[in-house]
């Protein structure tokens, strides 16, 4: 049964009993004393043994400290469990109740936030709750994290850095909302918040660590927010989240776990499937309850109380023992729809009377904010307790009824649309009367008798001959039940202890209660009496306590057995060695001893008792060691321990920077005198980077103790409004949430080498390393020791024959420490090798070859059996320059190291060069610079192409002629081509490309034909002109504008032409001009006319009587 504990000093008279005890190895007659203890007193509140059997108070938005401060009232009100709001870190420190949602947008998987409190406060709350037998249920958010606000599907930058990685999210690049018609979408898309990839193993492990930390702090169970959005193993793209998490929780058999599953999606929420893993809430039943008491769709409706009598609770066939029931939840009250904000406290109480009186489900009472109204449902600040309805007389009466009726069957009798009787076994009933005075006269299973109504209306009800009668006013409830058998309890049941053991005795529903020890006298006690056993008893021995409680002719008896065990004597000291500044006060401890002594630096032994204090170091120099030796004995066993302390001139604070922090500062202050002294104003001074994320700060001279706060301008440890961490005497380090003494890592000399114990050929370069050394040396084959520094490189094997062993010894010295490492190497013999860059192949024109040789200094090559020529590794030669097509050329390589002779011969054949395919394009007027798109679609599975559309740029050949040469790999492919300038296209859109039916093809003015390239002619171009009858001596103006820049041989009107006899004139262009445009003129006449383009020529041409054609002799 649940316990309530409070601190007080008992004044109960010491009881002295005489009895026989089995102690040590024989029968020992001695007085056994039961002493009143200055300890915790326990009262029995009749709470359930488990969360599932009891009722839950949802302390919505209450801080950990507020819950802790109200635990005695909570226990007195009959709540077995308290459900907290989410405990994880939040993205902002908003405290207004209207920002309650921030608790459901976590940034990490750690305990503590601005709204509810720190991890230490959470742990203290759990520890206090344990004293009352109250279970702590923690609301946890594992499905999603905080959003940005601007984009509800994107994660906030406030989340812990590690979770920004793609692997932690179902949708990273394009997160979007949920299609509730799709189970996959429900579990993989975003419910207005970024959806975590709950199949990720790192995430699962982080969640397990978080939950187990909560359990270790004292949590007794969890509510999983948005549980239906976390996939089941058999869902589309399901995962093992649920079995993995649940199977790895500490004390999993003792935990109460349920999930939020709002089944409003036509079965897509899969409530029944989730119940195979966890308990589930019953949203459908809560809607039935509200409708039954006359509230639905945000308004008062006709009352029909029978709607609340469903035996299966309308929860998709889920076992009724696995559901959580309620009148409303925080989602009903404060969610987007705010379905119940206008529902009065009266409705809430009526609904609770039905929900909590029934025998199935675990009822949860939602505590609304203090001073809330329908028009202002979310007033005040988070952290405070809500309104007082949770401890209303009628609510508490139903709670106590629920706890007293555990295990009793239910019988629901609906007397009208407004009146219902919920009977439990033959013990009691709750009557709910919604409207009008109810004159009760109904059949019943209750035992005959008069029952007192413990609800606010009071009065009595009678049962006689199977009929229940009484009167209940309009809008009221009645709660009554038969008292239970007498009960006894004890704070610790049948355990081992040392020294003494305080036990708090409980008794309820009884006229008298007694206890006896080891069969001795029965002593009367009252509920909450505390006794102490074992005070004057020698271990080992056994003590038996018998508790009895009587009511009328009914007696309850319970027996408990305790073993006092022997403990050898111990010694202890308040600080177990280490550094200190100035002087150091030490508190000495001892237990289980008859004598204890201490000595300083081997001096005289001084006897001490537990709690003695001594001071060391007052007259000692910095650097001095002091050794304290403690001894203790009980006459049987002797214990001795020594502790060494070193006096130092300063104290350091170390800080291991957490992820997400910038460069840390340290704020140092001392408030021990009542006046705050600080080193520097907030945020303090920058710390020194020691490497690997470790930072340090040394207290200034004169500061022997201080308090410190670490911060980076955004983050702070300890948190805001919390005192600094105490720094005195010892170097301390803050790491992973712990503030502990800093133990400097031991410094040892280290030596290393780049390659250890291997074989090599020729020579071997070795890089030597050393660290933490005053001096380092190396020696080879036990030769002279040579000093070296870190990074020194040595070479071994230069003057040693193959097959020899070499030993390299490295030594390092640091203060009085030395390290020595030896490494062994073997120089291997490897025969010489020769090789060539290309072996036995054909070539065109000529072939360059690279000659290689290894394991010998030089080698020889010969061509076609000719003279041997010496070469070294990497020598290049060229063959075939003067050879004819079809000639074979042999290259012979040879090498000799005096042991082995090697020779290799390679044969090469000169072949006709392979011609590559070329496409030509005569650019039409109006086109820009052309490109060519080349592809092969003869294999239908894939289209091979040189480049994506629009292809590759073509090369200007002068004038309007352009070309593109295909690579050799296209020689055997069936290429097709399309020409385009981005606007124009040939062939047209949706037409196939032109096929390359020969190696060179030309597109010119709609014609696609083989390109007949004229033989290369290095002769200069000649322009001929037959002078018309009315012309004077002609000139020729020669230019080229094909590149966009006009090049010309001379300015207008050009060069005089040469008479060839008669009217024929000529002009020979410079050899480099292979393309030109020409205009003929005599200063008066001109061909072509003014503003017309010149005549094009790529070969020798003649103009005669209006005709421009190729010139032939």
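No lab work stands behind these numbers, since they all come straight from the coordinates. What you are looking at is a predicted structure, and each value in this text was computed from that prediction instead of being measured. Please note: Cβ atoms are built from the backbone with ideal geometry, for glycine as well, and neighbour counts cover all protein chains shown.
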task = Report the residues of the stretch 898-942 in range of a label on residue 984: point 7 Å along Cα→C-beta, backbone N strictly under 18 Å from it.
result = 920-933
query = Distance in nm between label sites at residue 869 and residue 493, each 7 Å beyond Cα in the beta-carbon direction?
reply = 10.2 nm
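Normalised by the residues of the chain, what does the relative contact order come to in percent, with Cα pairs under 8 Å and at least six apart? Can you show the working numbers first?
On the way: 2542 pairs, mean separation 58.9, N = 1113.
Relative contact order, the chain: 5 percent.
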request  = For residue 416 and residue 462, compute 0.36 nm times the residue count separating them, minus their Cα-Cα distance, and round to one decimal in nm.
outcome  = 14.5 nm
key: Sorted peptide list for 351-357, 1037-1043, criterion being average Cβ within 10 angstrom, highest first   = 351-357, 1037-1043
ask   = When every alpha-carbon pair in the stretch 730-775 is counted, what percent end up more than 14 Å apart?
value = 69 percent
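Ranked by Cβ crowding within 10 angstrom, fewest neighbours first, how are 176, 330, 144 ordered?
With the sparsest Cβ surroundings first, the list reads 176, 330, 144.
Based on the mean of other beta carbon atoms within 10 Å per residue, what is the order of 384-390, 571-577, most packed first?
Details: 384-390: 17.7, 571-577: 16.1.
Answer by packing, highest mean first, reads 384-390, 571-577.
Please work out whether the stretch 432-482 counts as rounded, prolate or oblate from its C-alpha gyration tensor, where a ≥ b ≥ c are the square roots of the eigenvalues and a/c under 1.5 means rounded, while otherwise a/b larger than b/c means prolate and anything else oblate?
oblate
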Förster radius 25 Å - calculated FRET efficiency between residue 738 and residue 646 (Cβ-Cβ, nearest 0.05) = 0.60
query = By how many degrees, between 0 and 90 and to the nearest 10, does the Cα long axis of helix 283-293 differ from the longest principal axis of the chain?
reply = 50 degrees
task = Based on a Kirkwood Rh over C-alpha pairs, give the Stokes-Einstein translational diffusion coefficient of the chain at 10 °C and viscosity 1.306 mPa s in µm²/s.
result = 38 µm²/s
note = Kirkwood Rh for the stretch 186-261 from C-alpha pairs, in Å, is 13.1 Å
ask   = Using alpha carbons only, how many degrees (0 to 90, rounded to 10) separate the axis of helix 119-132 from the longest principal axis of the chain?
value = 30 degrees
request  = For the stretch 56-404, give the share of DSSP beta bridges that are antiparallel, in percent and rounded to the nearest 5; count only bridges with both residues there.
outcome  = 25 percent
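Order these by the 10 Å Cβ neighbour count, fewest first: 350, 1057. If you can, show how the numbers build up before the last one.
Working: 350 29, 1057 21.
Going from least to most buried by this count: 1057, 350.
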key: Prolate/oblate/rounded call for the stretch 1022-1110, Cα gyration tensor, a/c under 1.5 rounded   = prolate
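Using just the Cα positions, wrap the stretch 918-1010 in a convex hull and report its mean projected area in square nanometres, one decimal place.
Working: hull surface 23.5 nm².
Averaging across all directions leaves 5.9 nm² for the Cα convex hull.
How much of the DSSP beta bridge set in the stretch 652-741 is antiparallel, as a percent to the nearest 5? Before the final figure, lay out each step's value.
Working: 27 of 30 bridges.
Of those bridges, close to 90 percent are antiparallel.
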ask   = 222 nm [θ] for the chain, helices only, -39500 (n - 2.57) per DSSP H run of 4+, per residue, to 500?
value = -2500 deg cm²/dmol
Ranked by how many other beta carbons lie within 10 Å on average, peptides 635-645, 111-121 from highest = 111-121, 635-645
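Once you keep just the Cα pairs under 8 angstrom separated by 6 or more residues, what percentage relative contact order results for the stretch 1022-1110?
Details: 158 pairs, mean separation 31.1, N = 89.
This gives 35 percent for the stretch 1022-1110.
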ask   = Which whole-number percent is the relative contact order of the stretch 410-479 (Cα, under 8 Å, 6+ apart)?
value = 31 percent
remark   = Stretched fully, the stretch from residue 205 through residue 1048 gains (0.36 nm per residue minus C-alpha distance, one decimal, in nm) 295.5 nm
request  = Mind pulling the angle between the C-alpha long axis of helix 393-404 and the longest principal axis of the chain? Nearest 10 degrees, somewhere in 0 to 90.
outcome  = 90 degrees
query = How much of the DSSP beta bridge set in the chain is antiparallel, as a percent to the nearest 5?
reply = 85 percent
Length released on extending from residue 752 to residue 179, taking residue separation times 0.36 nm less the Cα-Cα span = 200.1 nm
message = How far apart, in nanometres, would the label points at residue 511 and residue 252 be if each is projected 7 angstrom from Cα along the Cα-to-Cβ direction?
response = 5.1 nm
task = Give the distance, in whole Å, between the Cα centre of the stretch 301-355 and the Cα centre of the stretch 1092-1113.
result = 103 Å
query = Taking the simple approach of a point 7 Å from Cα along Cα-to-Cβ for both residue 726 and residue 568, what is their distance in nm?
reply = 3.2 nm
request  = Decide, for the stretch 338-461, between rounded, prolate and oblate: order the square roots of the alpha carbon gyration tensor eigenvalues as a ≥ b ≥ c, take rounded if a/c falls under 1.5, and otherwise choose prolate if a/b is larger than b/c, else oblate.
outcome  = prolate
Neighbour-count order for 816, 263, fewest beta carbons within 10 angstrom listed first = 816, 263
